[in-house]
1. Evaluate E = 1/(1 + (r/R0)^6) for S215 and L101, where r is the Cβ-Cβ distance and R0 equals 22 Å; express this FRET efficiency to the nearest 0.05.
2. In what sequence, highest mean first, do 128-139, 69-80 appear when ranked by Cβ atoms within 10 angstrom?
3. Residues in segment 112-134 near a label at M55, defined as backbone nitrogen under 13 Å from the 7 Å Cα→Cβ point?
4. Are there any GluC sites (Glu not before Pro) in segment 44-91 that are in a DSSP loop and have at most 12 other Cβ atoms within 10 Å? List them by number.
5. Using just the alpha carbons, could you tell me how many Å³ per residue the convex hull of segment 115-166 encloses?
6. Report the extension gain between Q48 and I62 in nm, rounded to one decimal, defined as 0.36 nm multiplied by the number of residues separating them, less their alpha carbon distance.
7. Which order do the peptides 57-64, 153-160 come out in when sorted by mean C-beta neighbours inside 10 angstrom, highest first?
8. Work out, step by step, the length gained on full extension between L114 and W83: first 0.36 nm times the residue separation, then minus their alpha carbon distance; give nm to one decimal.
Amino acid sequence: MSKFKKYELLTNNKMNTSETYKTISPKKNQSAKNQELYQTLRKEVKLQQAESALMKLLFLPISTLVFFVIVASYGLYFVVEFWETWYFAFSGSVVAVFSILYTLLSIRQLRQILFIDYNAPVAKIQQSTAQIKPSMVDNLRLAAWLFPFAPFVGVFVAKALFDFDLTTIVSVDFIATFGVITIILEIISLVMLKVFNSKNSDAKWMKWLLAGSGSQIDESLDHLNQINEYDIEEKKA
């Protein structure tokens, strides 16, 4: 075969290869774009599901906020109304103080839920979401702090709801009785505070206690974890 023929065959082969590449290349590019679009949509869906899961949690801090604002207001009124009777005044003060603390906790939880930036990197969203659970555990810790004052809360409730002085059915040694009860409850409270630690937020029994609040946080984190899994899949592909 002459050199001219060989050159002609090579040229034709190059042209065919070039034309084939031009035909296939757009298909490859289109496939890559479709894959990229699919991954983006998949992540957006998971982000929306993560956000939706947390929105279910809003009822708890909102209802807690409204309830304890009302209780705190009445507690302060109660203190003024019964200022001359020390145990009524003290009972009202306890209720008012703890109600204000629960109100502040609720405001913090609302801010944590509503101000998550879902345009931020997934790791940042996970961090912001995970910080909500310790805040929910703080509700239990505050209840533990309140526990030693339970007798005074009982006095407040009896007087506020039934206009009944609970101390009239307590023994003559009223102060001593309350003192002993308070010491016992304080010991129980210290144990509860040790148990209700944010480090135990992932324990099964803690999840059970937080079933009305912590479950939504876990659900949201599960959706965010799936996005991380998608990213790993993309890198492997």
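1. Working: r = 25 Å, r/R0 = 1.12.
The calculated FRET efficiency here is 0.35.
2. Working: 128-139: 19.0, 69-80: 16.4.
With the highest mean Cβ count within 10 Å placed first, the list reads 128-139, 69-80.
3. Taking a point 7 Å out along Cα→Cβ of M55, the residues of segment 112-134 whose backbone N falls under 13 Å are 114.
4. Working: sites: E44, E51, E81, E84; in loops: E84.
Of the GluC sites (Glu not before Pro), the ones in loops of segment 44-91 whose Cβ has at most 12 other Cβ atoms within 10 Å are E84.
5. Numbers: hull volume 4.1 nm³, N = 52.
Once divided by residue count, the hull of segment 115-166 is 80 Å³.
6. Numbers: separation 14, 0.36 × 14 = 5.04 nm, distance 2.16 nm.
Result: 2.9 nm gained on full extension.
7. Working: 57-64: 17.0, 153-160: 18.9.
The most tightly packed comes first, giving 153-160, 57-64.
8. Details: separation 31, 0.36 × 31 = 11.16 nm, distance 4.02 nm.
Extending this stretch completely gives an extra 7.1 nm.
Coordinate-derived values only; no laboratory data. Bear in mind the structure is a predicted one, so any value in this text is a computation, not a measurement. Ideal geometry is used to build each Cβ from the backbone, glycine not excepted, and the neighbour counts take in all protein chains shown.
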